[in-house]
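Heads up, the thing below is written out as C-alpha cells.
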Amino acid sequence: MNTSAKNYPLLLLALLVTACGAATELTEGNPPTQGITAQVSGNNLTGDHGTVYGGGAVTITLTGPVEQGTPVTWSVSQGAIVGQGLSATLPYNDINRQVLTGQPITVTATVTTPLGAVPITVPLRVDDQAPRANGGVTATVPGRPAFFIGENAELSGTATFQASFTDDGVGLNPVKLSAYLRGLPVLGDVRAASELPEARGYTLRVDVISDRLGNRVDVPPGTVAGPFNVDLTAPVVTGSAPQGARIQDSTVLTFTGTDPLRADRTPGSGGVTLTSDQGGTGSSNTLTLTGAQLRAGGASGPVTITVTATDAAGNSTTFIQTVTLE
Ligand SMILES: [Ca+2]
Ligand SMILES: [Ca+2]
C-alpha cells in the first residue's frame, strides 16, 4: 500500500471537513515533499473492505526523496507505535490487540525538512484481535434451541455440534471440534452425533480458534464439552397380550419398553417413556391400558393401539397392538 505525500492537501482537507464541518482554504507554500511514499508491510488480507493488516507486527517505511537520518516523528491515532527514523512498527502487543481492531486508523510520520515539518499520513485497517467466545460449544436437536452439552448428556443421532465464536475483524477460520472417547481421539472435525459410534463417555475438544489473519484464541488443551453419551438405538416394546387377543373390560394390557445395550456394550440411555393413541397409564418403562379404558374412549370390537416408546436420548419407536374388545 502506498500513500503519496501528494495526497496530503486532500487528506488534510478531508480531515478539516470532518473536524469542522466546513471546508477551509488551504494556503500556498506546501513544503516540497512530493514523491515521499509510505510502504506498509506485514501479514495482510484483501477483501470487501480493502486490505487489512494484522496477526503480527505491521511496519511502515518511508521511501522516495527522503534521506536516512532525516528526523521523523511517528504517531498513530490509537494504540502504540514504535518509530525509528524512516521506519516504524505497530507492535503486536496486548494494547494493540485490544484497540486497533474495528475502525480505520491513521499513522502519521512527521518529516522535518529544511522548509518545515511535513506530515505523511497513512490510513490503515488492522485486525489484531482474536475471535471472541459467543456461546461456546453447544449441541442442537431439531426443534430445540441450542443447549450446552451437560455432563452425561444423552445425545441421539439427530444432535449436531456448534462452536460459536465471532470475530470483529476479518472473520473466522472454521472452528473444528474433535471427539475423544475416554481420552483417545475418535474423530476430527465432528459435526453430528450420528458420525460417532454409539458409546458412553465422549468429550469434545477444539484445536485452534483463529481468525483469517491468524489471531488465535488461547485455548488450553483439553475438554470443551462433555462427557456425553451417544445413543442411536430406539427402545424395544413388548406387549403382554398376543396380537388379535380378545379382551374384556377387566383385561389389563401391559406394554414394556426396554432400551438395548449400546454398541460399546454399555447400557442404553434408558428412561423409557411410553404413550399410546388410546390413552393408558404410564409408569417408569411401562404403560398399562385396560379394556374399560378402551371402551371409555369409545372403542368396541377390533381396536388398533399404537404405542410409542422414547428413550432419554430421544430415540423413539412405535409398536402396534391389535385386540378385539368383547
Ligand atoms: Ca479478528
Ligand atoms: Ca437407546
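A short reminder: the numbers here are calculations on the coordinates, not readings from a lab. Everything numeric here is computed off the predicted structure, so don't read it as measured data. Don't worry about glycine lacking a Cβ; one is built from the backbone with ideal geometry, like all the others, and counts go over all protein chains shown.
Length gained on full extension, A292 to D218: 20.1 nm, using 0.36 nm per residue less the C-alpha separation.
With a Förster radius of 35 Å applied to the C-beta separation of T51 and D189, the computed FRET efficiency comes to 0.70. Normalised by residue number, the volume inside the convex hull of the Cα atoms of the range 129-178 is 101 Å³ per residue. On the beta carbon distance between S164 and Q84, with R0 = 45 Å, the FRET formula returns roughly 0.60. Taking the alpha carbon gyration tensor of the range 132-230, multiplying each eigenvalue by 5 and rooting it gives semi-axes of 23, 15, 11 Å, largest first. Ordering E154, E326 from the fewest to the most neighbouring beta carbons within 10 Å gives E326, E154. Helix 8-20 and the longest principal axis of the C-alpha atoms of the chain enclose an angle of approximately 60°. I need the shape label for the chain. Rule: rounded when a/c is under 1.5, else prolate if a/b > b/c, else oblate, with a, b, c from the alpha carbon gyration tensor. Here the chain falls in the prolate category.
Along the range 188-205 the Karplus relation, 6.51 cos²θ - 1.76 cosθ + 1.60 evaluated at θ = phi - 60°, assigns HN-Hα couplings of x, 6, 7, 10, 8, 4, 5, 7, 9, x, 5, 6, 9, x, 7, 10, 10, 10 Hz to successive residues, with x for each Gly and Pro. Each residue of the range 149-161 is assigned a 3J(HN,Hα), and the resulting list reads 7, x, 4, 6, 4, 9, 10, 8, x, 7, 6, 10, 9 Hz, derived from the Karplus form 6.51 cos²θ - 1.76 cosθ + 1.60 (θ = phi - 60°), x at Gly and Pro.
Taking other C-beta atoms within 10 angstrom as a stand-in for reagent exposure, I105, I320 fall in the order I320, I105, fewest first. In angstrom, the C-alpha Rg and Dmax of the range 34-133 are 14.0, 53. Amide H to amide H, with H built 1.01 Å from N, T113 comes under 5 Å of V118, counting only residues 5 or more places away or on other chains. At 25 °C and a viscosity of 0.890 mPa s, what translational diffusion coefficient does Stokes-Einstein give for the range 236-325, taking Rh as the Kirkwood radius over Cα pairs? Give it in µm²/s as a whole number. For these conditions, the coefficient is 183 µm²/s. With springs only between Cα atoms under 10 Å apart, run a GNM on the chain and tell me which of T113, T166, T308 wobbles the most. Of T113, T166, T308, the Gaussian network model singles out T113 as fluctuating most.
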